[in-house]
Amino acid sequence: METIKATMPGVFYRRPSPEDDPFVPEGSSVSPGQTVAVIEVMKTFNELKAEVGGTVTRFLIADGDEVEMGQDVAEVDG
């Protein structure tokens with residue numbers, strides 16, 4: 001089991017906007033470099049990209065929660 005980690009501190013969002021579907025739903029496959037979420041820092045949205053490929057088994061952070069740099073945000077089963 002691998003994890004996707006936050007690359008910076010900020011507010012974590014799984015979707016581009018509240019009306020949109022998540023970038024990657026749980027149970028979906030991801031490829032390295034694929035956007036899985038965004039982290040908002042000072043009104044700037046920064047893409048969080050998968051560093052590993054596989055199936056996202058679960059997200060460990062909810063939409064709107066604050067994250068710290070290096071914090072695990074999702075589990076990926078490769």
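Just a few scattered comments:
- Orientation-averaged projection of region 2-77 equals 4.3 nm² [convex hull of Cα atoms, one quarter of hull surface area].
- For the chain, the relative contact order is 43 percent, taking Cα pairs closer than 8 Å that sit 6 or more residues apart in sequence and dividing their mean separation by the residue count.
- Remark on residue 37: its backbone amide H falls under 5 Å from those of 48, a criterion applied only to residues 5 or more positions apart or on other chains, H modelled at 1.01 Å from N.
- As a proxy for reagent exposure, 1, 69 were ordered by neighbouring Cβ count within 10 angstrom, fewest first; the result is 1, 69.
- Full-stretch length increase - residue 31, residue 52 - with 0.36 nm per residue and alpha-carbon distance subtracted: 6.9 nm
Every number in this text was worked out from the coordinates using simple rules, so none of it is lab data. Since the structure is predicted, the reported quantities are computational estimates derived from the model, not experimental observations. Heads up, the Cβs are rebuilt from the backbone with ideal geometry, glycines too, and the neighbour counts pull from every protein chain shown.
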